[in-house]
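The values are calculated or read from the model by the stated rules, or taken from the named source; none is laboratory data. Since we're looking at a predicted model, the values are computed, not measured. Neighbour counts run over all protein chains shown; Cβ positions are idealised from the backbone, glycine included.
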Amino acid sequence: MVLTAKLKLHTTPEQFRALRQTQLAYRDALNNVSRYAFARGKLSNKVGLQVGTYQELRARFGLPAQMACSVPRQVGATYQTLWTRVKANSTAHAAGLTHKRYRGLDAAPRFVSRLNRRKVFVTLNASARNSNLWFSRTRNVLESAKSN
């Protein structure tokens, strides 16, 4: 069982700008890795993507190590989903169930970043066995947000 909480952060204008800057850097990194994967035959191998792009993500986008590792995983998962859809469409086409060709991999997928004016949401996930630790961390985050 996974517990999910979506928290609204009340940020100062400076904090909001910093969060937005990080959000845009992450989005740009996703699009960069997506183009890299597309140029290499629509690569969905997460390890191959990380080996090929990690140093650039750290240097060019200034991402911390955790984020620089999650970008290739997210792009790889997106490409795996698209490949699954292509294969399912091919099977359906061969069986005569559809006449349309799936076009999801005709171009590199683009990632977008949506901004909801001064509303910043953080989603926290935890498994049931770590719920006590998760709730104590959430409480600490909320208390520190109130004090700031």
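Would it be correct to say that Phe135 is modelled with pLDDT under 85, surrounded by 10 or more Cβ atoms within 10 Å (Cβ to Cβ) and of a type in the set (Phe, Trp, Tyr)? Yes: the conditions hold for Phe135. Screening Arg40 with (1) modelled with pLDDT under 90; (2) loosely packed, with under 13 Cβ neighbours inside 10 Å; (3) basic (Lys, Arg) gives one miss only, at (1).
Out of Ala77, Ala25, I need the residue that is modelled with pLDDT under 95, under 16 Å from the mean Cα position of the chain (by Cα), within 19 Å of Arg114 (Cβ to Cβ) and not basic (Lys, Arg). Which one?
From the options Ala77, Ala25, the qualifying one is Ala25.
The number of residues in the stretch 46-103 being of a type in the set (A, V, I, L, M, F, W, C) and either touching a residue at least 60 places away in the same chain (Cβ under 8 Å) or outside any helix (DSSP H, G or I) (or both) comes to 3.
For the stretch 86-108, filtered to residues that are surrounded by 14 or more Cβ atoms within 10 Å (Cβ to Cβ) and not β-branched (Val, Ile, Thr), the residue that is nearest to the chain's Cα centre (by Cα) is Ala108.
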